[in-house]
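Here the structure is laid out as structure tokens; the discussion comes afterwards.
Read-outs: derived from the displayed coordinates by stated rules, not from any lab. On a predicted model such as this, the values are computed, not experimentally measured, just so you know. Cβ placement follows ideal geometry from the backbone for every residue including glycine, while neighbour counts extend to all protein chains displayed.
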Amino acid sequence: MKEPELSLPRNRATPRRSGVAFLLVVISISVGTAALLHIFTKNRTYALGRQQEQVEREISALEQEIRTLDMKVGEALSRKNLTDRLTSQRSRLKNIQPESIIKVPPAPDHVPAAIPVAEPETPSPADPESTPATGKPLRR
């Protein structure tokens, strides 16, 4: 049998790690990231626009409801409806005549003291034998 020949390994050219390929990878990653951020920003903007539109619709509906309620209140408090309601309850509105209005003068800024109040006598600190309640000296 023949023995296999041992051959020396071939000298292959080592692949060059070129800076151009690395630069292309970095640029492609940067462009992809920028595109994703752009899409994310647009989607977020559209979502905020839809939310704002919904809030504006709710506000306009509430304003319409407020106008309707104001009209109902104005109608319920109109003179004709109040008169009809009070007559159904056997009551009547009467006009207030200007001569029946009583004018009250404003209260004065300061109130005069009506009766001076006498203060209770306190024992003098110089007399140690007096009682606190009466201020009279104690008998021994």
DSSP-loop chymotrypsin sites (Phe, Trp or Tyr not before Pro) across the stretch 1-88, with at most 12 other Cβ within 10 angstrom
none
Out of the trypsin sites (Lys or Arg not before Pro) in the stretch 14-60, which ones are loop residues according to DSSP with at most 15 other C-beta atoms within 10 Å?
R16, R17
For the pair A47/Q64, report the inter-label distance in nm, with labels modelled 7 Å from Cα in the Cβ direction.
2.9
Scalar couplings 3J(HN,Hα) for the stretch 23-31 by Karplus 6.51 cos²θ - 1.76 cosθ + 1.60 (θ = phi - 60°), nearest whole Hz, x for Gly and Pro, are 5, 5, 5, 5, 5, 5, 5, 5, 5
Between S28 and E5, what length in nm is gained on full extension when 0.36 nm per residue of separation is reduced by their alpha carbon distance?
3.5 nm
Across the alpha-carbon set of the stretch 21-93, Rg over Rh with Rh taken as the Kirkwood radius works out to 1.70
